[in-house]
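Comments concern the structure below.
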């Protein structure tokens with residue numbers, strides 16, 4: 001007799017709706033809600049920290065064009081990395 005390891009109707013641990021999920025997994029509606037909240041918070045945090053970094057860079061970096069270009073690129077990379085890290089952290093903490 002084969003084991004029933006496939007999808008079985010269970011409750012979502014977050015919203016308690018009956019859906020076909022593996023045990024302990026979230027339903028698509030809850031997952032989308034968590035992703036939306038994580039994206040919103042990550043954008044706000046990344047924008048705030050990037051603005052502070054940009055002000056610091058403008059104040060401290062010399063007027064040389066190459067230094068300004070490298071600093072501008074680093075500010076853009078900072079935004080992307082901060083956004084990804086905060087988004088991942090919020091997703092993991094709100095499950």
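The long axis of helix 28-60 is offset from the longest Cα principal axis of the chain by roughly 10 degrees.
222 nm [θ] for the chain, helices only, -39500 (n - 2.57) per DSSP H run of 4+, per residue, to 500?
Using -39500 (n - 2.57) per qualifying helix, the result is -23500 deg cm²/dmol.
Tell me the relative contact order for the chain as a rounded percent, counting alpha carbon contacts under 8 Å between residues six or more apart. Dividing the mean separation by the residue count of the chain yields 26 percent. Put in line by how crowded their Cβ is, counting other Cβ atoms within 10 Å and starting with the fewest, 77, 34 read 77, 34. Each 10 Å bin, from zero up to the one with the longest distance, holds this percent of the alpha carbon pairs of the chain: 15, 28, 21, 16, 11, 7, 2, 0.
Values in this text are rule-based calculations from the coordinates and carry no lab data. What you are looking at is a predicted structure, and each value in this text was computed from that prediction instead of being measured. Cβ atoms come from the backbone with ideal geometry, glycine included; neighbour counts cover every protein chain shown.
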